[in-house]
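Beneath this line is the structure, given in structure tokens, with notes to follow.
Any read-out appearing in this document is the output of simple, stated calculations on the displayed coordinates, not a laboratory observation. Note that the coordinates shown come from a computational prediction; the quantities given were computed from them, not determined experimentally. Neighbour counts run over all protein chains shown; Cβ positions are idealised from the backbone, glycine included.
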């Protein structure tokens, strides 16, 4: 089964899943250097529905959001790493700065974000709630951070 999907593929697949009565949870992010905090968060997000979809910021999108030195890991590699997690069903790259266009294609039953977001900050919340979906904010477990890992690596170098 193909697990890394294009923007053209994701909508029809999610439509078929919904028609089959499956629920979909969705989250998005850069996931530049996968760490324990990501895994805990992603596993919790996956448990909220039958199918779990991750929207992954493209390299250009990450650079615009995080700065010219990011991402550290290329989009193809980040997508592959995420798609190999047993609780991830699909990964889809997006070029935009926000995942709203992708959210509209996926039409998730559950939109998931991490504890660093307030409900009013979550892109796509209104759209998902407009058809009866819901937003779930998953609290952080521990103090894990990609930026902290990168700073540690820089100090070691």
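Using a 7 Å offset from the Cα along the Cα-to-Cβ direction at both residue 22 and residue 97, what is the distance between the two label points in nm, to one decimal?
3.3
Quick one: helix 36-46 against the long Cα principal axis of the chain, what's the angle to the nearest 10°, folded into 0 to 90?
That helix lies at roughly 0 degrees to the long axis.
Given the Cα-Cα distance of residue 130 and residue 72 and 0.36 nm per residue of separation, how much length would full extension add, in nm?
17.2 nm
Nearest 500 deg cm²/dmol is fine: what mean residue ellipticity at 222 nm does the chain get from its DSSP H runs of n ≥ 4 alone, each adding -39,500 (n - 2.57), divided by its residue count?
Values: 7 runs with 65 residues, N = 157.
That comes out to -12000 deg cm²/dmol.
Determine, for 130, 25, 83, the number of other Cβ atoms within 10 Å of each Cβ, and report the residues in order from fewest to most.
Numbers: 130 8, 25 25, 83 17.
Fewest-to-most Cβ neighbours within 10 Å comes out as 130, 83, 25.
What is the angle, in °, between the Cα long axis of helix 146-156 and the longest principal axis of the Cα atoms in the chain? Nearest 10 is fine, range 0 to 90.
20
If you rank 51, 112, 106 by fewest surrounding Cβ atoms within 10 Å, what's the result? Write down the numbers at each step before the final one.
Values: 51 21, 112 25, 106 28.
If I rank by nearby Cβ atoms, fewest first, I get 51, 112, 106.
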